[in-house]
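Read the structure below first, then the notes.
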Amino acid sequence: MKLLHTADLHLGKIVSGVSMLEDQAYILNQITEIIKKEQVDGIIVAGDLYDRSVPPASAVLLLNDIFYEWNVTLGLPIFAISGNHDSAERLQFGSAWYEKSGLYLAGKMTDPIPKVSFQDAEIWLVPFHEPATVRKIFQDETVRTYEEAMQKITDTIRARADQTKTQILVGHAFVSGGIPSDSERSLAIGNVDRVSTKCFADFDYVALGHLHHPHAITHPTIHYSGSPLKYSFSESKDKKSVRIVTLQEKNCDVREVFLKPMRDMRIVSGSLEELTTTILDKKEDYLQVKLTDAHALLDPMGQLRKFYPNILHLERVRHQMETDRDVKFEDLMKKEDVALFDQFFEFANGQKMTAAQREKMELVFKEAREGGQG
Ligand SMILES: [Mn+2]
């Protein structure tokens, strides 16, 4: 059995005021091509289908169209759950009869956890949940943490699972040791949102969503597919992909198929002059520009946007003065005026004064000392 695993589509997402919808439609079509080429038997979408609980109509239409394409046109089952960005109730709409068509969509947490028997596997759909929800639904007052909630869920699954079948869990959670990026919304303050890998010990493949890096964790059976697109500059070095999982009884073989975005998201640096004279390749990309200029600039964003229309973020590289040495006030007082100013200048501009600037400052200090006598 061969499955495609993706997650964290975040349809309708806006990054720095720019809608990602066109990029999302483009990447979903690329996933469709992979589905056809790889001839998979089913598709897993592990949560965060939308970016927010009330997504824009355009995002709803996009998901409608792509699910129709995969499920009806290509005739493939879809195993999908809600993530922490989705509205569990809204995603639940239609689930009971979509499954007649092989679209298995678990929005709300329920007891029992929905199980889909598919070929020689049992696929368990565990939507995103807070501990309080699990405590209430499973009527277990001892459930206090995310770890206890996931443990409770997997215990109930274990009790119902037919271990002669391949066991697959689809979930949306933060596994301990996972590397987060800047585009996930924290599930809770601090580290209390973590669940350990031991919750998933009995599964042959765990298809996760939530963390957006494709290699947020390294584990033989537990995988984050990562988001299909970069949604923050902290992901600029990611190579986004989908997972192709081939399961033979209890053995899983996991492979990455890389995606090529319409516009990449990357960080570039240079002076304003460099960036506006030697024009970089792929200037339509989403850019974070780090300007290295030390002096004042007139409308750098306006100048850069003439060449790079999709700059999302612009910043000046600020050279930090070394802070590892302790500077005592008494020592500072011993310094000559010009030496003291030199230090300040370097702190503010990231470079030392030129000889000419230094000469001018010496003159200024001299005049100040002589105070009107000159
Ligand atoms: Mn997400």
*Would you be able to say whether some residue in the stretch 3-15 is closer than 19 Å to Asn71 by Cα, in contact with a helix residue (DSSP H, G or I) (Cβ under 7 Å, 6 or more places away or on another chain) and away from the ligand (no atom under 16 Å from the Cβ)?*
yes
*Since Pro309 meets every condition but one in (1) over 28 Å from Ser232 (Cβ atoms); (2) in a loop (DSSP other than H, G, I, E, B); (3) at pLDDT 85 or above, which condition does it not meet?*
(1)
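So that you can scan it fast, the table gives a plain yes or no per residue for (1) in contact with a strand residue (DSSP E or B) (Cβ under 7 Å, 6 or more places away or on another chain); (2) buried (at least 16 other Cβ atoms within 10 Å of the Cβ); (3) free of Cβ contacts under 8 Å to residues at least 60 places away in the same chain:
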residue: Leu11; (1), (2), (3): yes, yes, yes
residue: Ser16; (1), (2), (3): yes, no, no
residue: Tyr50; (1), (2), (3): yes, yes, yes
residue: Ala57; (1), (2), (3): no, no, yes
residue: Val60; (1), (2), (3): no, yes, yes
residue: Tyr68; (1), (2), (3): no, no, yes
*Output the residues belonging to the stretch 16-72 that are among the hydrophobic types (A, V, I, L, M, F, W, C), within 16 Å of Ser87 (Cβ to Cβ) and touching a Lys or Arg at 6+ places or on another chain (Cβ under 8 Å).*
Val54
*For Leu298, all conditions in the list (1) surrounded by fewer than 16 Cβ atoms within 10 Å (Cβ to Cβ); (2) more than 28 Å from Asn29 (Cβ to Cβ); (3) in contact (Cβ under 8 Å) with a residue 12 or more places away in the chain hold save one; what is the number of the exception?*
(3)
*Taking Phe118, is it among the aromatic types (Phe, Trp, Tyr), in the same structural domain as Val170 (by TED's automatic domain parsing) and in contact (Cβ under 8 Å) with a residue 60 or more places away in the chain?*
yes
*Within the bounds of the stretch 18-38, is there any residue that is within 16 Å of the ligand (Cβ to nearest atom) and either over 22 Å from the mean Cα position of the chain (by Cα) or polar (S, T, N, Q) (or both)?*
yes
*Could you tell me whether any residue of the stretch 102-110 is at pLDDT 95 or above, out of contact with any Lys or Arg (no Cβ under 7 Å at 6 or more places or on another chain) and of a type in the set (Phe, Trp, Tyr)?*
yes
*Just give me the residues in the stretch 178-210 being away from the ligand (no atom under 11 Å from the Cβ), buried (at least 18 other Cβ atoms within 10 Å of the Cβ) and of a type in the set (A, V, I, L, M, F, W, C), in sequence order.*
Val195, Cys199, Phe200, Phe203, Val206, Ala207
*Out of the residues in the stretch 264-295 that are touching a helix residue (DSSP H, G or I) at 6+ places or on another chain (Cβ under 6 Å) and part of a loop (DSSP other than H, G, I, E, B), which is surrounded by the most Cβ atoms within 10 Å (Cβ to Cβ)?*
Asp293
_Filter the stretch 83-110 down to the residues that are buried (at least 22 other Cβ atoms within 10 Å of the Cβ) and either among the β-branched types (Val, Ile, Thr) or within 16 Å of the ligand (Cβ to nearest atom) (or both) and list them by number._
Gly83, Asn84, His85, Asp86, Leu91, Gly107
*asked:* more than 16 Å from the ligand (Cβ to nearest atom) and not β-branched (Val, Ile, Thr): is that true of Pro131 in this structure?
replied: yes
_Ile153 vs. criteria over 22 Å from Glu249 (Cα atoms), at pLDDT below 95 and β-branched (Val, Ile, Thr)_ = no
*Count - residues of the stretch 211-240 that are touching a Phe, Trp or Tyr at 6+ places or on another chain (Cβ under 7 Å) and more than 16 Å from the ligand (Cβ to nearest atom)*: 3
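The values are calculated or read from the model by the stated rules, or taken from the named source; none is laboratory data. Worth saying up front: this structure is predicted, and the values here are computed from it rather than measured. Neighbour counts run over all protein chains shown; Cβ positions are idealised from the backbone, glycine included.
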